[in-house]
Structures are given as C-alpha cells and as structure tokens.
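Each value in this text was obtained by applying a stated rule to the coordinates, not by laboratory testing. Keep in mind that this is a model prediction, so the values were computed, not measured. FYI the Cβ positions are ideal-geometry reconstructions off the backbone, even for glycines, and counts take in every protein chain you see.
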Ligand SMILES: Cc1cc2nc3c(=O)[nH]c(=O)nc-3n(C[C@H](O)[C@H](O)[C@H](O)COP(=O)(O)O)c2cc1C
C-alpha cells in the first residue's frame, strides 16, 4: 500500500506534548548516552530516548544505571526506556523513570539480544500476547505520564503479530508505538519491511513511528510513503554521522538538504562529543567509548583505514584527543573534501 505523503510532516501528539519535528533518535545501548544525544538533538530531532534500562538493574541501584537515566534540562521531550517481563520490576522502573524527569516511559519489546530474550523480555515477549497486555496495563496504571512501546514485527516470519500487538497496546492505554520493521528472527539481517509498519499504522489511531534502515532523506520519505507512519526513527545511520539527522529532518519537513560538513565542522562535533564523554563517564570509560565513536566519525574520510588502526593503539585520553585533532584537521582532509 502507498500513502499520500504530506510534506512537511505534521508531527504528532503524545500526552500534552506536540512533537513538531517527527524525527526520533533511536535508543542504542552503549551509543545514545547523554553525550551523544546532546550532539544529535541539534540536527532537528524532536524526541530522544535513553538507552534501554533493565528493570532489574534499577532495583540494584547501581551508579551506572543512574547515569543512563541522566537527561539535560533542555532535553525535552525525552523518553526513558525500560525493559523487563515481571510487572513488579517494570512498574518500579517506570516510576523510577518518572522520578528521573522522563516525559514518557518507553517499554522495550524489540530487543533481540539473547541475554534479554532468555529472561523473556525484549522481543521474546511478543510471543506471549497476554503477557504483553498484562505488563502494559500494569505500567499505564502505575504512572501519570504517557507510556510508549517499541516492538519488532513479531517473533519470526510465521508468527508476525504486529497489528495485534499494536491493537493490544492501544487498548491498554499506550500512547505511541514504534515499530522496527524486522522480526526477532531476522536480528539485523535482510531489509526492514516498511509495509509491516503500515499494518500497525492501519490498526490503531495512536502515533506510529517507523524504524529500520533509514539512511538518508530519500529512504525516510520512502518509508513514510509505504507505511504512512507519523514519525521516523533513525538508529545505526547516526553512528559517527549525526549530520544524517539534519538530512532526514530537511526531507520530512520539506526543507533544502544541508551541506555535508567540512572537516573543520566535523572536528568541532567530535571535539565536543569527546568533552561530553569525559565529563559524563569519567576519562577511563570515555577513552574506551572514544575508540568506537572517533573511528565511526572517520568513515569516508581520507586515509581512514590507516587512521583507525593507529587510533585503536593510542593510550591515554589526551593523546587520543591530540591524534584525532591532527587527523581531522590535516590539510589532506580539506583537499579530499573539496575534491568530493
Ligand atoms: C548497538 C545497538 C544498540 C541498540 N540498543 C537498543 C536499545 O537499547 N533499545 C531499543 O529499543 N533498541 C535498541 N536498538 C535497536 C535500534 O533502536 C533500532 O530499532 C534498530 O537499530 C533499527 O533501526 P536502524 O536501522 O535505524 O538502526 C539497538 C541497536 C543497535 C545497533
């Protein structure tokens, strides 16, 4: 099915929040911490979601869990995402999220990771529709702010139940649904099925956010056309490339696409990201996280393969910073940028 695409997209309402820019940053464990969300938000994101927080972890009260729920005073609206299959713990985690300043509590029933599925949480819950209803009803009753839900399209191709889960969610009082257009069995293989997102959209009247394989403005528009979704969620494409959000934002709002960042603009973002990583996590953890993020930022740049090998061996926060700056601001980068 195809839908008339209204551009600019009109946005959607959840509770008393009208989200004018229907571009949502996907929750990604180990990636979309506060430092990276702070970087991403400026590129037109209308809603951010924390990394998934296991409800059992909340009960244990570790400092690291507290840090995962930290949000900026100007980061609103924001969802804190929780996961779990025991309503007692999910309720506690939801109430804890409210106390930490969440505007919405997002429940994760999409995570395909074995560790999570073994505890019958994440996407494993999609196989047990009665359990889904029980958890959602319990959480909706236990907090006063909107509860939202993130799912895959089902457990496997034979047992897709995206429309039924969408209806259950709406009946239980969930106020927004995000659908990653893959089954659990697909993990991250193949292509996300955007028509399946449309099945959810057709089944309910709450806002449906489409997710899976958006890599630029064109793919975002195509997802809207195929699924009729109310918002777009972007995940992996933003790794090392928050500018892609600006591109998607421009496409869905009917604006001119922004220019690609120059090496200087790229470095300004990387430097700021490094600063936030250090102040949020402390230098030790920031140093490990930098190995992943900085290397992602070099994708497509001059001599990136060589730099990656070199950067992974650098020890010490200050050395990492200096070597990264040298690389991003080298004269060859500018030449390469102009030649593109
Ligand atoms: C490294 C990684 C971590 C993720 N962590 C979460 C998470 O904590 N919660 C969640 O709901 N989805 C998580 N996801 C799934 C993404 O939110 C998103 O649904 C998926 O990547 C598909 O979107 P994309 O094709 O735009 O990446 C994660 C994905 C990746 C790659």
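Per-residue extension of 0.36 nm, minus the Cα-Cα distance of residue 262 and residue 205, leaves a gain of 16.3 nm for this segment. For segment 108-224, the gyration tensor built on C-alpha atoms gives an oblate shape. Its axis ratio a/c (a ≥ b ≥ c) is at least 1.5, and a/b is not larger than b/c. Shape verdict for segment 12-253, please, from the Cα gyration tensor: rounded (a/c under 1.5), prolate (a/b greater than b/c) or oblate. It is rounded, given that a/c, with a ≥ b ≥ c, falls under 1.5.
Taking a point 7 Å from the Cα of residue 144 along the Cα-to-Cβ direction, the residues of segment 85-101 with backbone N closer than 17 Å to it are 94-101.
Sorting the segments 34-43, 178-187, 264-273 by their residues' average number of neighbouring beta-carbon atoms within 10 angstrom, most packed first, yields 178-187, 34-43, 264-273. Could you give the Stokes-Einstein D for segment 1-68 in µm² per second, using the C-alpha Kirkwood radius, 4 °C, 1.567 mPa s? Rounded, D is 91 µm²/s. Dividing the summed helix terms, -39500 (n - 2.57) for each DSSP H run of n ≥ 4, by the number of residues in the chain produces a 222 nm estimate of -14000 deg cm²/dmol to the nearest 500. Here the extension length gained between residue 2 and residue 167 equals 57.3 nm, from 0.36 nm per residue of separation less the Cα-Cα distance. Based on C-alpha pairs under 8 angstrom that are at least 6 apart in sequence, the chain has a relative contact order of 15 percent.
Note on residue 336/residue 86: beta-carbon distance plugged into 1/(1 + (r/R0)^6) with R0 of 56 Å gives a FRET efficiency of 0.60.
Shown here: segment 263-339, whose C-alpha atoms stretch 39, 23, 17 Å along the first, second and third principal axes, sorted largest to smallest. Among beta bridges identified by DSSP and lying wholly in the chain, the antiparallel ones come to about 10 percent.
Between helix 304-313 and the chain there is an angle of about 90 degrees, using the helix long axis and the longest principal axis of the Cα atoms. Computed extension gain for residue 60 through residue 304, at 0.36 nm per residue and net of the alpha carbon distance, reaches 83.7 nm.
The relative contact order of segment 87-220 comes to 22 percent, based on Cα pairs under 8 Å that sit 6 or more residues apart. When you restrict to C-alpha pairs under 8 Å that are six or more residues apart and normalise by the size of segment 196-284, the relative contact order lands at 23 percent.
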